[in-house]
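The values are calculated or read from the model by the stated rules, or taken from the named source; none is laboratory data. Everything quoted here is computed from the prediction, not taken from an experiment. Glycine also receives a Cβ, built like all others from the backbone with ideal geometry; neighbour counts cover every protein chain displayed. Calculation scope for accessible area: heavy atoms of the full protein, side chains included, ligands and nucleic acids excluded. Shrake-Rupley method; radii C 1.70, N 1.55, O 1.52, S 1.80 Å.
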Amino acid sequence: MPWLAVPYTDEARRSRLNRLYGIQGIPTLIVLDPQGEVITRQGRVEVLNDEDCREFPWHPKPVLELSDSNATQLNEGPCLVLFVDSEDDGESEAAKQLIQPIAEKIIAKYKAKEEEAPLLFFVAGEDDMTDSLRDYTNLPEAAPLLTILDMSARAKYVMDVEEITPAIVEAFVNDFLAEKLKPEPI
């Protein structure tokens, strides 16, 4: 490795770093700023998706487009996923623009409290990854479909409405955070 790395034989240091950063497996690449604050815990995914490092240091985006490479993040905690009919490329981008202000508001609120945001935000188009996710979680083929998936709790929350608006998304997120929604099993 041409970069600084903790030698595998340095068990004491590796153990301290594992506890400090919540590392549970290898390979793991966490990108830190000069003050030692975490920029992203998804460095490995970011390197794979941005081989030329054009977006380095990979500050988190408020809304991600669900893909094979970032789908593992669905296991990290509750995730809002807006399923859209993405045969029209504009639909995915419009969906991102719809939920981005809400995602940014939630992220900023929790960052101000020096806490991790309680939700990740995704837009899912039509592809094999999305089909597998719908099958696994037993979600209908409807689009648009607004959901919150909590894989670790094996729970889903579904808002099946004709039209998704910013007000509907914000109310759905706020009700989830206030624990007002009834989970369905995955």
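With each run of n ≥ 4 DSSP H residues scored as -39500 (n - 2.57), what mean residue ellipticity at 222 nm is computed for the chain after dividing by its residue count and rounding to the nearest 500 deg cm²/dmol?
Working: 5 runs with 64 residues, N = 186.
So the calculated ellipticity at 222 nm is -11000 deg cm²/dmol.
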Longest segment of the chain lacking chymotrypsin sites (Phe, Trp or Tyr not before Pro) that sit in a DSSP loop with at most 16 other Cβ atoms within 10 Å: 9-186
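Rounded if a/c is under 1.5, else prolate if a/b is larger than b/c, else oblate: which is the stretch 18-98, with a ≥ b ≥ c the root eigenvalues of its Cα gyration tensor? Write out the running numbers ahead of the final one.
Details: a/c = 2.17, a/b = 1.74, b/c = 1.25.
Taking the square roots of the gyration eigenvalues as a ≥ b ≥ c, the stretch 18-98 is prolate.
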Around PRO7: net Lys/Arg minus Asp/Glu count, Cβ-Cβ under 9 Å: +1
Exposed GluC sites (Glu not before Pro) absent - longest run of the chain, DSSP non-H/G/I/E/B, at most 11 other C-beta within 10 Å: 1-36
Relative contact order of the chain, pairs being alpha-carbon contacts under 8 Å that are 6 or more residues apart, as %: 19 percent
Within-11-Å neighbourhood charge of LEU181 [Cβ basis; K, R +1; D, E -1]: -1
Span-rule helices in the chain, defined as complete DSSP H runs reaching 24 Å or more along the axis (Cα) with Kyte mean at least -1.0: 89-112
Within the accessible area of the stretch 60-183 (1.4 Å probe), percent carbon and sulfur: 48 percent
Overall form of the stretch 77-163 per C-alpha gyration tensor (a/c, 1.5; a/b vs b/c): oblate
Relative contact order, percent, the stretch 1-53 [alpha-carbon distance under 8 Å, six or more residues apart]: 19 percent
Accessible area expressed per residue, the chain, with surrounding protein chains retained (probe 1.4 Å, Å²): 64 Å²
Reduced Cα scattering model of the chain, Debye log10 I(q)/I(0), q = 0.08, 0.15, 0.17 Å⁻¹: -0.29, -0.97, -1.19
Relative pair counts by distance (%), Cα atoms of the stretch 1-58, 5 Å bins: 4, 15, 25, 28, 18, 8, 2
